[in-house]
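A short write-up of the structure that comes next.
The values are calculated or read from the model by the stated rules, or taken from the named source; none is laboratory data. Keep in mind that this is a model prediction, so the values were computed, not measured. Cβ placement follows ideal geometry from the backbone for every residue including glycine, while neighbour counts extend to all protein chains displayed. Side chains are part of the model used for accessible areas, which takes the heavy atoms of the whole protein and leaves out ligands, DNA and RNA. Shrake-Rupley method; radii C 1.70, N 1.55, O 1.52, S 1.80 Å.
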Amino acid sequence: MRGRVLGAVGAGAVAIATVTILVWPGPGAPQVEPRLRAELTPVIRQHLETRDDHGGALAERPESKSRWFCQVHLIETRRGGPELLAGIAAHCSEYARRGSALLQGTGFSVPALITLRSRDGSYEVTEMREGGKLNGDPDYRRTFTKVGKAEFLRIEQHGYPETAERPLDRARRAYGLPPNAPVQDAF
């Protein structure tokens, strides 16, 4: 009897340990101070949306008056000398208005390391290095810290946090369209 009780207790301990291992949280997402997030996100988004190197299907049709709209999730920040380094995940899409509908062109998603410098009390982007295999950073070591990489991979798999405003919603507003305006593919 004593052997069965010890066996049952031992099996129970293994089950509890197994459950604990499976549900124990991993390292938390990097924390960015809310004030800094609110200050940097629009600066980074504007930089992405106004770059000259986007191209795009709608850009080839100047009459469409297309614009880029980006969703930026600031994953982490760290100091790099006098500069601030920001690891981000961004998704950008090209939109134009066609009558009462929104026309969607090309888009891209990118992990990036943004270098910012503070000048006269506000930040400006001085450099952007895209991460990923095509940019010589297949394991994202140059883009994120270990914890930042884990958060980026979570976003890549599960999507952006609900707090991030979608490019589609911003484009509808910018073109004066209602929130439920239809979206047409440019192709």
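A few remarks follow.
- For the range 41-143, trypsin sites (Lys or Arg not before Pro) meeting the loop criterion (DSSP other than H, G, I, E, B) and having at most 14 other Cβ atoms within 10 Å: 51, 65, 141, 142.
- For the range 72-172, accessible area per residue (1.4 Å probe, heavy atoms of protein chains only), Å²: 51
- Three principal axis extents of the range 73-128 based on alpha-carbon atoms, in descending order, are 49, 25, 15 Å.
- Cα centroid of the range 63-112 to Cα centroid of the range 122-176, whole Å: 8
- Carbon + sulfur, % of accessible area of the range 57-187 - ligands and nucleic acids excluded, 1.4 Å: 48
- Inter-label distance, residue 78 to residue 65: 4.5 nm, where each label sits 7 Å from its Cα along the C-beta direction.
- Only Lys, Arg (+1) and Asp, Glu (-1) charged, at Cβ; the range 86-145 dipole about Cα centre in debye: 120
- FRET efficiency for residue 115 and residue 183, using Cβ-Cβ distance with R0 set to 45 Å, rounded to 0.05: 0.85
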